[in-house]
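A short worksheet on the structure shown next.
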């Protein structure tokens with residue numbers, strides 16, 4: 001089944017403890033992206049990647065890192081999580097070209113205490 | 001990236017046709033218009049995308065006037081399961097990968 005898989009689905013962590021949220025897609029998509037969703041603020045783009053080793057900042061990149069060493073994987077790294085990073089995170093991917101939308105993962109609900 | 005404006009919420013009844021209009025006055029020549037649907041605690045799901053005139057798929061139709069400053073998502077004969085938030089996006093284009101989701105339109109379908 002074609003899908004974007006995120007892990008974990010739920011995570012509670014403490015301030016300052018480094019964590020990684022994994023994202024993997026099996027559709028050979030070129031483009032991948034991370035979003036966070038907060039009540040009243042909608043979906044905001046954190047980082048995106050156009051291909052292996054090519055990434056760029058979205059609207060809210062502060063406090064996050066990403067890497068794209070393989071086409072299928074696009075992990076989101078929080079080096080020192082803070083409570084304001086408590087949110088619902090979505091990874092998404094799409095093929096190249098102009099006529100396709102993103103396929104989203106099921107989401108990761110992160111709580112930083 | 002062009003900013004979009006949509007109604008915050010809409011109500012409808014089962015079996016009715018629902019039209020959600022999105023305003024994007026600053027759309028650029030190369031911009032496409034994309035609509036997503038999102039259920040609570042799930043990732044958005046791509047519904048339809050278009051550049052001009054009319055696009056139809058098995059789920060919805062997208063109407064885009066000649067000036068492209070607005071677009072209308074049409075959902076035929078909605079059911080309770082169509083209750084969701086619908087987002088209009090403008091700006092995905094070749095070489096451009098930033099996406100901006102607005103607040104979306106919360107559609108509530110009643111029995």
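A short reminder: the numbers here are calculations on the coordinates, not readings from a lab. What you are looking at is a predicted structure, and each value in this text was computed from that prediction instead of being measured. Note that we place each Cβ from the backbone using ideal geometry, even for glycine, and neighbour counts take in every protein chain shown.
As a rough guide to protection, the peptides B:101-107, B:7-13 ranked by mean Cβ packing within 10 Å, highest first, stand as B:101-107, B:7-13. Under the shape rule built on the C-alpha gyration tensor, where the axes satisfy a ≥ b ≥ c, chain A is prolate, since a/c reaches at least 1.5 and a/b is greater than b/c.
Spin-label model, residue A:20 to residue B:57: label points 7 Å out along the Cα-to-beta-carbon direction sit 3.3 nm apart. Once you sort the root eigenvalues of the Cα gyration tensor of the protein assembly as shown as a ≥ b ≥ c, which label holds: rounded (a/c under 1.5), prolate (a/b larger than b/c) or oblate (the other case)? The shape class here is prolate.
Remark: the residue B:9-residue B:28 segment gains 4.2 nm on full extension, using 0.36 nm per residue and subtracting the alpha carbon distance. Mean per-residue shielding of peptide B:38-44 is 6, counting Cβ atoms of other chains within 10 Å of each Cβ. Counted over the protein assembly as shown, the DSSP beta bridges are approximately 90% antiparallel. With only the Cα atoms considered, chain B has a convex hull volume of 94 Å³ per residue. Each part gets one Cα centre, and for the range B:63-81 versus the range A:68-112 those centres are 28 Å apart.
If I take R0 = 30 Å and measure r between the Cβ atoms of residue A:86 and residue B:66 in this structure, what FRET efficiency does the formula 1/(1 + (r/R0)^6) give, to the nearest 0.05? Efficiency, from the Cβ-Cβ distance: 0.10.
The distance between label points at residue B:81 and residue B:111 comes to 1.6 nm (points 7 Å beyond Cα on the Cα→Cβ vector).
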